[in-house]
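These notes concern the structure reproduced below.
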Amino acid sequence: MLDQNDIQSKVLIVRREIQARLGVQGRDLGHALRRSGRRLPARVRKHGAALAEAEFLARNPKMARRLDGDRVQAAFDEVITHLRGIDRGEERKGQLLGLAGTIAANLLLVVVAFIFFLWWRGYV
């Protein structure tokens, strides 16, 4: 059976990983998960919510008895596995490439509109 210190250490590890990999901070794990939003898949958010609930229940000794240690460990493993697979460099590169593609498409649209305007006015 997990005690309060085990759960708090797991929650602290998850919060540090969320902060390191996603750059999201929060008052507690539930708040950090809400702030991370769609950057985490639904199944990972669900497991994270189970960890946040375990954190809340572990504060009260009578409620802590209701915790399922295997479920908490499985949720911890799932969240940590996903978070450690995130590469911030690849994310940034993808964002920059998306921005460059948007700028290129807009620039192409402006050039085509300008050439159409010149053709319409009879200069080309």
### Query
Which FRET efficiency, nearest 0.05, do L109 and A74 yield, Cβ-Cβ r, R0 41 Å?
0.25
### Message
Could you give the length gained by full extension between I86 and R66, i.e. 0.36 nm per residue of separation minus their alpha carbon distance, to one decimal place?
### Response
4.0 nm
### Message
Can you tell me which lysines have their Cα less than 21 Å from the Cα of K46? Leave out same-chain residues fewer than eight positions away.
### Response
K10
### Message
Per DSSP helix of 4 or more residues, -39500 (n - 2.57); summed, then divided by the residues of the chain. What does that give at 222 nm, rounded to the nearest 500?
### Response
-26500 deg cm²/dmol
### Task
With a 10 Å radius around each residue's Cβ, average the other Cβ atoms per peptide and rank 2-14, 42-54, highest first.
42-54, 2-14
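Using per-residue counts of other Cβ atoms within 10 Å, averaged over each peptide, order 20-27, 107-114 from highest down. Please list the in-between numbers first.
On the way: 20-27: 14.4, 107-114: 10.0.
Those peptides, ordered most packed to least, come out 20-27, 107-114.
If you average the sequence gap of Cα pairs under 8 Å that are 6 or more apart and divide by the length of segment 1-86, what percent do you get for the contact order? Please list the in-between numbers first.
Values: 80 pairs, mean separation 31.8, N = 86.
For segment 1-86, the relative contact order is 37 percent.
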### Task
Please report the Cα spread of the chain along all three principal axes, rounded to whole Å, starting with the longest.
84, 22, 21
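Values in this text are rule-based calculations from the coordinates and carry no lab data. Since the model is a prediction, treat every value here as computed from it, not as a measurement. Note that each Cβ is placed from the backbone with ideal geometry, even for glycine, and that neighbours are counted across all protein chains shown.
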